[in-house]
Each structure stands twice: as C-alpha cells, then as structure tokens.
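> Pasting a structure here, questions to come.
The numbers here are math on the coordinates, done by the rules we state, and not lab data. What you are looking at is a predicted structure, and each value in this text was computed from that prediction instead of being measured. Glycine also receives a Cβ, built like all others from the backbone with ideal geometry; neighbour counts cover every protein chain displayed.
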Amino acid sequence: MYLSFYQLDKKPFEITTDPQFLWLSEKHKESLAMLQYGILENKGCLLLTGDVGTGKTTLIHALQQTLGNDVIMATVHDPHLAKMDFFNHLANTFKMNRRFNSKGYFITHFSEFLNSAFIKNKKVLLIIDEAQRATPVVLEELRHLSNLEKHYTKLINIFFVGQNEFISMIKGPEFRALRQRIAVSYHMGPLTRKETGEYIRHRLRVAGTKQVVFNSEAIDEIHKFGRGYPRLINIVCDMALVNGFVDEAKVITARTIMECTENLRIHSEFDTVDETQPST
C-alpha cells in the first residue's frame, strides 16, 4: 500500500521475526556474546529473561545463526507438559525416531544420543522457550538432564528463555538446585531513545530506503508510546506509514504518531505490554 510512496522494497515493520532485519543493540551484542561463550564452553544451564516484546526471539535466532553445524540444536516452544509427554517431545525434537513409555527407557537412549554427539565432537543445545510455562516436574527433569557428563564435560547445554516471572518462579526453595546450575544468565531490558531511533533507521535501510521517513520528534513519540519494546515500535511505525501515505506526507511527524497512538490506546492491550502473546 505505501511501499512505492516511501521508496521501499518491502514492509519494514512486520511483527514477525525476519532475520533480514536483524539489528543488535549493544545490550543484544553483550548478551549474545555471553550465550555463545556459555554454549561453546559447555557451561550447562543458561538463562535469558526479559519482558514480552524486548527481542528474546530475535536474539535466539541470531544465536542459532552463529553456532554452525558442530552444535545440535532443538527447541521446545511450550514446556507445559506432563513428564512422559515432555520426554517424547524431546526425543522427537532431537529426531531420535523413538517413542518411550518409561523414564528409564528414555534416559538410556537419550544418554546414548548425547554420548554419540560427544564422540563426534558435537555440542548439544536444548532451548526451552517460554520457560515460565514449564511445570515443576519438567524443570526437575531438566535439572537431572543437566547432570549428564562425560570426562568432566557437560553433554547437554540447556538454554532457558523466559519472561520476567520465570525469575520469581525459580527463586522458590524447591528450585534451589536448578538455580545453582545456571552458569550464564542475562536479562534484556527495553531499548533506549537513542536505540529506538537506530532500530527504526536500520529497518528502513534494509527495506530499501535511506530517506528520512520519521523525523526526530516522531521518534520521540514512538519511544514514548513503545517504551523501547521492539514489537510496539513496529506496530506504531507500520500504522504511521499507512497514515502518512493517506495524508501524502513524505516525512512522518510527531502529530501523525500521536494520532496513531491515540487510536492504538483505544484497545486496552496497548496500555501495557500484552503478556499473553508470544515473545519476540
């Protein structure tokens, strides 16, 4: 609708994760380096937390792109499972081509899988996304899996990715042993005003234009509304481009952003970050 008007090749502010638009702030780069270190050095359990929309999924994708073929990766997107369902889901995710009806049977074959990877000099990474949804039973089983070692080397790295409540969740006394196994952790906060401007300009460049589309005052209003959350920034920027096209405004101003944010605030879910939606 607005692409040719703003000299764009593609829509710059889709809310789905597209690796072409990857932009890493300094905090993203710092957390990425720490997570890479934790995996390559077989530190065992890693933790990444952050509010909804702060870019956790973007960071996971960036991490996956850097690890290469010597890391066997699998992701559990929803760990809210019963014990045997979790074991079978894990086996399926790692392409073990087996179905298990007992924990002992699973552990025997999963240990063989991990030992085979170790012999081939491959690291194994299990990403537990939406970790705050994991049941206590699943978290306890993950703790046991993190104990699997060979020649003093961890056979599996478990990467917990969760919303802020996961931190409070594992502070309970029943998770003390799990907490002690987390060797690398990082908490992601929202973007600063400066980072919001850099983020917007980066996405516009990737989409095909070097023109100034949002003036400085507009970016101030975007940051004020989005509070540094990339998902909310994308939503208001996309709406602003539509409105700007309708008004034939080559440069988006603060007035256009305020009109957009007023419309968005009609829906209560934009008053706060919606924690029912998948993280990005």
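> Ordered by residue, what ³J(HN,Hα) values in Hz, to whole numbers, does the range 34-44 give under the Karplus form 6.51 cos²θ - 1.76 cosθ + 1.60, where θ = phi - 60° and Gly and Pro are x?
Taking θ as phi minus 60°, the curve returns 5, 5, 4, 4, x, 6, 5, 9, 6, 6, x Hz for the range 34-44.
> Ranked from highest to lowest mean number of other Cβ atoms within 10 Å per residue, what is the order of the peptides 159-170, 224-235, 254-265?
Going by the mean number of other Cβ atoms within 10 Å, highest first, we get 224-235, 159-170, 254-265.
> Next up: What does the highest-first list of 111-121, 179-189, 125-135 look like by mean Cβ count within 10 Å?
125-135, 179-189, 111-121
> Over the range 1-143, what is the relative contact order in whole percent, taking alpha-carbon pairs under 8 Å and six or more residues apart? Before the final figure, lay out each step's value.
Numbers: 113 pairs, mean separation 37.9, N = 143.
About 27 percent, as a whole number.
> Next up: Going Cα to Cα from Lys10, which lysines come in below 28 Å? Please leave out same-chain ones fewer than 8 positions away.
Hits, sequence-local ones excluded: Lys27, Lys29, Lys56, Lys194, Lys210, Lys224, Lys250.
> Run the quick spin-label model on Lys224 and Ile119: label points 7 Å from Cα toward the beta carbon, then report their separation in nm to one decimal.
Distance between the two pseudo-spin positions: 6.5 nm.
> What is the range 4-53 by shape, rounded, prolate or oblate, if you read a ≥ b ≥ c off the alpha carbon gyration tensor as root eigenvalues and call it rounded for a/c under 1.5, prolate for a/b larger than b/c, and oblate otherwise?
It comes out prolate by the Cα gyration axes.
> Report, by chain and number, residues whose modeled amide H sits under 5 Å from the one on Ser185, excluding near sequence neighbours (fewer than 5 apart, same chain).
Leu47
> Same structure, new question: Could I have the simple spin-label model distance between Asn263 and Thr192, label points 7 Å from Cα toward Cβ, reported in nm to one decimal?
My value for the distance between the label points is 3.3 nm.
> Right, next: Once amide H atoms are placed 1.01 Å from N in the peptide plane, what residues at a sequence separation of 5 or more from Phe214, or on another chain, have their amide H within under 5 Å of its amide H?
Residues meeting the criterion, in which the H sits 1.01 Å from N, are Ile252.
> What do you get for the angle between helix 56-67 and the principal long axis of the chain? Use alpha-carbon atoms, 0 to 90 degrees, nearest ten.
Its long axis makes an angle of about 60 degrees.
> Which angle from 0 to 90°, rounded to the nearest 10, does the C-alpha axis of helix 103-119 make with the longest principal axis of the chain?
80
> Still on this structure, please answer the following. Which of the aspartates and glutamates could a cross-linker span from Lys154 if the Cα-Cα distance has to be under 18 Å and same-chain partners fewer than 8 positions apart are dropped?
Correct list for Lys154: Glu41, Asp70, Glu112, Glu140, Glu141.
> Can you give me the three principal axis dimensions of the chain from its C-alpha atoms, in Å, biggest first?
Answer, in whole Å and largest first: 66, 37, 31 Å.
> May I pose another question? Can you tell me the relative contact order of the chain? Whole percent, Cα pairs under 8 Å, sequence separation 6 or more.
Here the relative contact order equals 30 percent.
> Compute the FRET efficiency between Val242 and Ala33 as 1/(1 + (r/R0)^6), taking r as their Cβ-Cβ distance and R0 = 30 Å, and round to the nearest 0.05.
According to the calculation, E is roughly 0.20.
> Something else about it: Per 0.36 nm of contour for each residue apart, how much would the distance between His151 and Asn164 grow if the chain were fully extended, relative to their Cα-Cα spacing?
Stretched out fully, the His151 to Asn164 stretch lengthens by 1.2 nm.
> Which FRET efficiency value, to the nearest 0.05, is calculated for Glu41 and Thr16 with the Förster distance at 22 angstrom and r the Cβ-Cβ distance?
Calculated value: 0.10.
> Find how much the distance from Lys83 to Phe175 grows on full extension, using 0.36 nm per residue of separation minus their present alpha carbon separation; answer in nm with one decimal.
Roughly 31.4 nm would be gained on extension.
> Given charges of +1 on the Cβ of Lys and Arg and -1 on the Cβ of Asp and Glu, with all other atoms neutral, how large is the dipole of the range 143-199 about its Cα centre, in debye to the nearest 20?
Taking the Cα centre of the range 143-199 as origin, the dipole is about 220 debye.
> Give me a comma-separated list of calculated 3J(HN,Hα) values for the range 179-191, in order, Karplus coefficients 6.51, -1.76, 1.60 applied at θ = phi - 60°, integers in Hz, x for any Gly or Pro.
Values, residue by residue: 4, 5, 8, 7, 8, 9, 9, 8, 10, 9, x, x, 6 Hz.
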